[in-house]
């Protein structure tokens, strides 16, 4: 997630495709961390970068300068090798680069009104997508080669999203998700689901990509809020959990795993009998778990669900409990990791496992303070 405001010490933060590593950039350079240990794996202090994207745990990075130095133009994409500390290839565009996404087969470069698709190995251009003005560089990418989709805003006046098949190089569908323009988009890693939030930030909707049909509507809150990030759990099958952060300072976790029995229970209630399914889902708090005041209100933050473990109930096919590992990066310079435990009664508890300052140390062997 890029942040083009100079009010934060962190300009950009992103996890790699399987959440096994993350990178932050500051006006001085960028750092790569191992979230499992908190270890600082790599550091390069050569100036500011607005985009630093990893390719899994490889030595390849896609980096874009913040423009504060002539050599770090925001119009230049550099493919950089951390092993040799040298650029492998540079590509210059006519306007500023707003987002970059990549996997082992495709490289995606998002500009204000155009998005370019390249072959990751040869860097041959494969397609150009003309888009509506995308000033924020909003996009989402599912890195799985079997369900490799790219999502881009399809309107500046409403919350429509274009879903494009990056491997087949063709448009897959267009989804009208919200009445207001989009503020955040996320695709599950396997390309099954797409989550969207509008500039209102009160409702988060999840659509099934294959059918372009709505599966869930979640109410984040009653009052408008800026959605800073959306992220699915990295499931190899159906995603279990969707995480969101907003300007309220809270972390929101939504469970996608409730079954048809829960739906039928809702429909038998008084409200459920008179409200349509989408509204009914949005009003149901059973699948919504909130960590209040995780971050000071207004501070930009970015969260991912790094791991989900389920414990099955031996007496039935339902799960007895769920344990999720939630990592949070704040743009004022902190990393936090929580464990969220949910039992089969939908009761949840949060535990802060680790926290450290991303900006104040240079020790490559010990970066974490265990709590």
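Read-outs: derived from the displayed coordinates by stated rules, not from any lab. Every value quoted in this text rests on a predicted model; they were computed, and no experiment measured them.
Using alpha-carbon pairs under 8 Å, 6+ residues apart, how would you state the relative contact order of segment 12-370 in percent? Write down the numbers at each step before the final one.
Working: 924 pairs, mean separation 31.9, N = 359.
Across segment 12-370, relative contact order equals 9 percent.
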Quiz item: For segment 31-85, what is the largest minus smallest coordinate of the Cα atoms on each principal axis, given in angstrom and ordered from greatest to least?
Solution: 36, 17, 16
Exercise. Quote the convex hull volume per residue of segment 12-370, based on C-alpha atoms, as a whole number of Å³.
Key: 140 Å³
Self-check item: Per residue convex hull volume, Cα atoms of segment 87-231, in Å³
Solution: 106 Å³
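Could you grab the relative contact order for segment 1-98? Cα pairs under 8 Å, six or more apart, rounded to a whole percent. Present the calculation step by step, with values, prior to reporting the outcome.
Details: 241 pairs, mean separation 17.8, N = 98.
The normalised contact order for segment 1-98 reaches 18 percent.
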